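J.: Questions regarding the structure given below will be posed in turn.
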Amino acid sequence: MAKTKQSDEQVVEQAFQDLLNSYLATKHRKRVDIITKAFHFAKQAHRGVKRASGEPYILHPIAVARIVCDEIGLGSTSICSALLHDVVEDTDYTVEDIRNIFGDKIAQIVDGLTKLSGGIFGDKASAQAENFRKLLLTMSDDIRVILIKMADRLHNMRTLGSLLPNKQYKIAGETLYIYAPLANRLGLHKIKTELENLSFKYEHPEEYAAIEKKLRATASKRDEVFQSFTAPIRVQLDKLGAQYRIVARVKSIYSIWNKMQNKGVPFEEIYDILAVRIIFEPRKPEEERNECFDIYVALSKIYRPHPDRLRDWVSHPKANGYQALHVTLMGNDGKWIEVQIRSRRMDDVAEQGLAAHWKYKYGEANTRDEDELNKWLHTIKEILDDPQPDYMDFLDTIKLNLFATEIFVFTPKGEIRTLPQNATALDFAFSLHSDIGYHCIGAKVNHKLVPLSHKLDSGDQVEVLTSRSTRVQAEWLNFTTTARAHSKITAFLRKEQRVYQKKGETMLNEFLLAEGIRPEQVRYDKLIILHNMHTKDELLIAIGNKSLTLGEADRNAIKSRRTRNWKRYLTFQFGNKDNDAAVTPETASAKATSAAKINTQEVLQIREEDIPTRYLIASCCKPIPGDDILGFMDKDGKIFIHKRQCPIAFKLKSSYGNSILAARWDTHKARSFLVWIAIRGIDRIGMLNDITQVLSTNMQTNIRTIHVDTNDGIFEGKVQLYVHDVEDLKLILQQVGKLKGIQHVARIEE
């Protein structure tokens, strides 16, 4: 035992020494004394405590401090705060103790981190939104709080393997849902990429391993392409007398998988895995923008540039401060390769984000970047002033503002506005002023009249047209992209609905009194059922805005003494009418009883015979055996099976983490499941016959639905068919893909 303690002590001391060495290698002031003091204080506070992995707890704060120092580039105040970030949360020490020993600034940051303890999301729904609200408010006070929080989350993700699978899914889910987009918005590109990759690794380990293996197998080929492509570039840059280095950028595993899912293509058809990055040292700081374009001109003498793929993030930095010139060039082998041209300063900002700005104090770019951050924080504050009543709506609204790709549009006077990609004319109107948005009737884009839903492109000049008689419509929410527009429209509609609700309540009560009936909940329930509504509020709003007029049918329903067949209204239907049984209140109750006995720490074995009596297939994503899945236990004890990458499952992992259950299939091809596949190719006589022949005769597959269309020689079809599992589906896709003229075949969601 003594030997283990000695060993732990040595590991801790070595880890701290490595942290000090990293700090001393930076250009920050060498405040070693206060860092050492913070280390000894934290070490004593966490003495005897172990992490889930069995290692001393103090190694976690040291690792977080190391990330803060090495990967984000912060100084001694942040390093001390990182070392102390769990002291107030996990021990008897208070923020006041930290203030007395380490001063106001470190105490303020530690206090901010303590308020966010346990991750953004806690156990209670109401607390989750409030914690996230605190996080954003703290960001606007001292951005270092969220930067240290990012480092904390990154180390937790790096050590996620020691936790149980259901905890892994919860943490990976909220990481992908909020932390990765937030890291991207703050310019922490390396951290964002690693968070995505680690989340993907734990949620889809087999697919992660498969892509990783293919990347290794194709590495030598990529290296050959890189050397061949960059050789003439080096010659040209040497002629310019540039100080530079050229590196290969390989697309991340998560990004590759995401593209495979979105495009429905295999790994072999992802053609932008390799990109080239040129990082140069400018002769003069103020000339770095011009030198980017000088390098571009030199490259265009060697390779043909793609005319539509020049991205000038140098003149117009992204909202997270990112600057670079992106060009796409055609290599000698006829394949397009993206080249990213950056100065060393731009590269530091791209990798380390906001912290890197503090190392470079010169020039116009720094001021502009700070302005962009301040604009974003101002938007966040506006949303916080009017949060959504439903916490998930609130989180979704915030997430709208964590956009990754921006466009630049102009006012009639030439002022530039930054908006997310796919932003509409209505988004632009709200970006100018709420009142302009409320009364917007359309816009002129490049002097041409367009509707509110018109999507804007970079470089558009937009003039908003307004009318005082215009009324905000609920359908506006369908074509808004920005958080500002979404939250303002939602707030306006809520206020309007409250007016209608009050008016509707008065009208309904008058109707009931005229019939000599007392206003009681049972009367409301009958009307709710009659009009296929869900809540009393929905009924009152419909009456108040006159979309529902009370009449004879309502009188009959209210006065009827017959008891409705409530079982029919409480039946839950999942899947399809041919293949899935209904779940009634009786079976749901039985499931609740059996679910209560489930150990949430165990991995559920999902057997076909237990569907739908024990488990329910989620209708949003309809997983089949072989898909990576998880379970979600609702408040009634019912367990729903989702695909792990299902958007609804993402929200559940992020907001109801303690109800997530690890699950895997244990099936024996005893049952069939419905899936859709999409087929595209060159049309020819007999194409449809060949497809049905492969599916029905060769593969012995039962087809339920088939839709086909041909246009200008292109064949497109969708087929719904029964399969036992993912392996069956892969064989079907392979066989159909071999048919003459077929260009693309993939599983799709319907």
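The values are calculated or read from the model by the stated rules, or taken from the named source; none is laboratory data. Worth saying up front: this structure is predicted, and the values here are computed from it rather than measured. Cβ placement follows ideal geometry from the backbone for every residue including glycine, while neighbour counts extend to all protein chains displayed.
J.: Run down 398, 407 and say which single residue is in a strand (DSSP E or B), closer than 30 Å to residue 183 by Cα, among the β-branched types (Val, Ile, Thr) and at pLDDT below 80.
T.: It is 407.
J.: While we're looking at this one, here's another question. Evaluate segment 1-24: report whether one residue or more is within 23 Å of residue 159 (Cβ to Cβ), basic (Lys, Arg) and loosely packed, with under 13 Cβ neighbours inside 10 Å.
T.: yes
J.: Given the criterion at pLDDT 85 or above and either farther than 30 Å from residue 710 by Cβ or out of contact with any Leu (no Cβ under 9 Å at 6 or more places or on another chain) (or both), identify the matching residue among 674, 695, 688.
T.: 688
J.: Condition check: in contact (Cβ under 8 Å) with a residue 12 or more places away in the chain, of a type in the set (Val, Ile, Thr), crowded, with 17+ Cβ neighbours inside 10 Å and touching a Phe, Trp or Tyr at 6+ places or on another chain (Cβ under 7 Å). Does residue 541 satisfy that?
T.: Taking the combined requirement at face value, the residue satisfies it.
J.: Also, quick follow-up: Across segment 684-711, which residue is surrounded by the fewest Cβ atoms within 10 Å (Cβ to Cβ) among those that are within 38 Å of the chain's Cα centre (by Cα) and of a type outside the set (A, V, I, L, M, F, W, C)?
T.: 711
J.: If the requirement is being crowded, with 16+ Cβ neighbours inside 10 Å, out of contact with any Gly (no Cβ under 6 Å at 6 or more places or on another chain), outside any helix (DSSP H, G or I) and not assigned by TED's automatic domain parsing to the domain that holds residue 646, which of these qualifies: 271, 244?
T.: 244
J.: Has segment 182-194 got any residue that is exposed (fewer than 15 other Cβ atoms within 10 Å of the Cβ) and not in a helix (DSSP H, G or I)?
T.: So far as segment 182-194 goes, no, none of its residues is exposed (fewer than 15 other Cβ atoms within 10 Å of the Cβ) and not in a helix (DSSP H, G or I).
J.: Yes or no: residue 207 modelled with pLDDT of 85 or more, surrounded by fewer than 19 Cβ atoms within 10 Å (Cβ to Cβ) and part of a helix (DSSP H, G or I)?
T.: yes
J.: Here's a follow-up. Just the residues that are surrounded by 11 or more Cβ atoms within 10 Å (Cβ to Cβ) and either in contact (Cβ under 8 Å) with a residue 60 or more places away in the chain or touching a His at 6+ places or on another chain (Cβ under 6 Å) (or both), please, taken from segment 25-37.
T.: 34, 37
J.: Looking only at segment 284-322, how many residues end up being polar (S, T, N, Q) and modelled with pLDDT of 90 or more?
T.: Number satisfying all stated conditions: 2.
J.: Now, a different point. Any idea which residue in segment 486-531 is farthest from residue 438 (Cα to Cα), counting only those that are of a type in the set (Lys, Arg) and without any contact (Cβ under 8 Å) to a residue 12 or more places away in the chain?
T.: Only one residue tops the list, namely 518.
J.: Between a residue in segment 246-275 that is over 24 Å from residue 737 (Cα atoms) and any residue that is basic (Lys, Arg) and outside any loop (DSSP other than H, G, I, E, B), which pairs come within a Cβ distance under 6 Å, given they are 6 or more apart or on different chains?
T.: The qualifying pairs are 247/277; 249/277; 274/222; 275/249.
J.: Let me ask something else. Scan the strands (runs of 3 or more DSSP E) fully inside segment 428-536 and keep the ones with 3 or more residues being surrounded by 13 or more Cβ atoms within 10 Å (Cβ to Cβ) and of a type in the set (A, V, I, L, M, F, W, C).
T.: 440-445, 462-466
J.: Of all residues in segment 537-551, which are under 22 Å from residue 496 (Cα atoms) and part of a loop (DSSP other than H, G, I, E, B)?
T.: If the condition is that a residue be under 22 Å from residue 496 (Cα atoms) and part of a loop (DSSP other than H, G, I, E, B), then 545, 546, 547, 548, 549, 550 are the ones that fit.
J.: Looking at this structure, is residue 576 among the polar types (S, T, N, Q), farther than 29 Å from residue 426 by Cβ and either modelled with pLDDT under 80 or surrounded by fewer than 14 Cβ atoms within 10 Å (Cβ to Cβ) (or both)?
T.: Here the answer is yes, as residue 576 does meet what is asked.
J.: Test residue 658 against the criterion of being within 33 Å of the chain's Cα centre (by Cα) and surrounded by fewer than 20 Cβ atoms within 10 Å (Cβ to Cβ), and give yes or no.
T.: It is true that residue 658 is within 33 Å of the chain's Cα centre (by Cα) and surrounded by fewer than 20 Cβ atoms within 10 Å (Cβ to Cβ).
J.: Can you tell me which residue within segment 113-131, out of those that are modelled with pLDDT of 60 or more and part of a helix (DSSP H, G or I), is surrounded by the most Cβ atoms within 10 Å (Cβ to Cβ)?
T.: 113
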